[in-house]
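Novice: Quick one: the structure is below, questions incoming.
The values are calculated or read from the model by the stated rules, or taken from the named source; none is laboratory data. In this text, all values refer to a predicted model and were calculated from it rather than measured experimentally. Don't worry about glycine lacking a Cβ; one is built from the backbone with ideal geometry, like all the others, and counts go over all protein chains shown.
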Amino acid sequence: MLFNVDENLPVEVATVLRNAGQEAKTVSEQNLSGWGDKSLIALRKSENPVLVTLDSDFSNIRAYPPQEHNGIIVLKLRNQGKKNIVHIFRVALSVIDLEAVSGYLWIIEEDAIRVRGPEKKE
């Protein structure tokens, strides 16, 4: 599975994915830094990666319907320090491996994971 790590996340998130055997690219590795949300999501639809981001705009299912994407993972963390982000993502990755990501919006918080999509509701 291909993951695209947004520029608002530490590059270590991509390292966590790679160490788990996943393919991961960062926005900066793709020379896409500074692109707007709409442009990035359009490009991502053609490449079909799972987007991993801190940008809560992507949790708006009206603007970004989960079933139209290969998967969106939004980290909504109170503590957005690099160490906390990497730790929470590493813990959440064990659950992500077990569940379908494609067509779903995953919202990861410090103490909960919510999944939205065609068959799952909050």
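Novice: How many residues, within the range 80-96, are within 23 Å of residue 48 (Cα to Cα) and either more than 13 Å from the chain's Cα centre (by Cα) or of a type in the set (A, V, I, L, M) (or both)?
Specialist: Number of matching residues: 5.
Novice: Now a separate question. May I ask you to list pairs of residues, at least six apart or on different chains, whose Cβ atoms are under 8 Å apart, with the first in the range 47-66 being on the phi < 0 side of the Ramachandran plot and at pLDDT 85 or above and the second being among the polar types (S, T, N, Q) and surrounded by fewer than 18 Cβ atoms within 10 Å (Cβ to Cβ)?
Specialist: From residues that are on the phi < 0 side of the Ramachandran plot and at pLDDT 85 or above, the pairs are 50/102; 53/8; 54/8; 54/80; 55/8.
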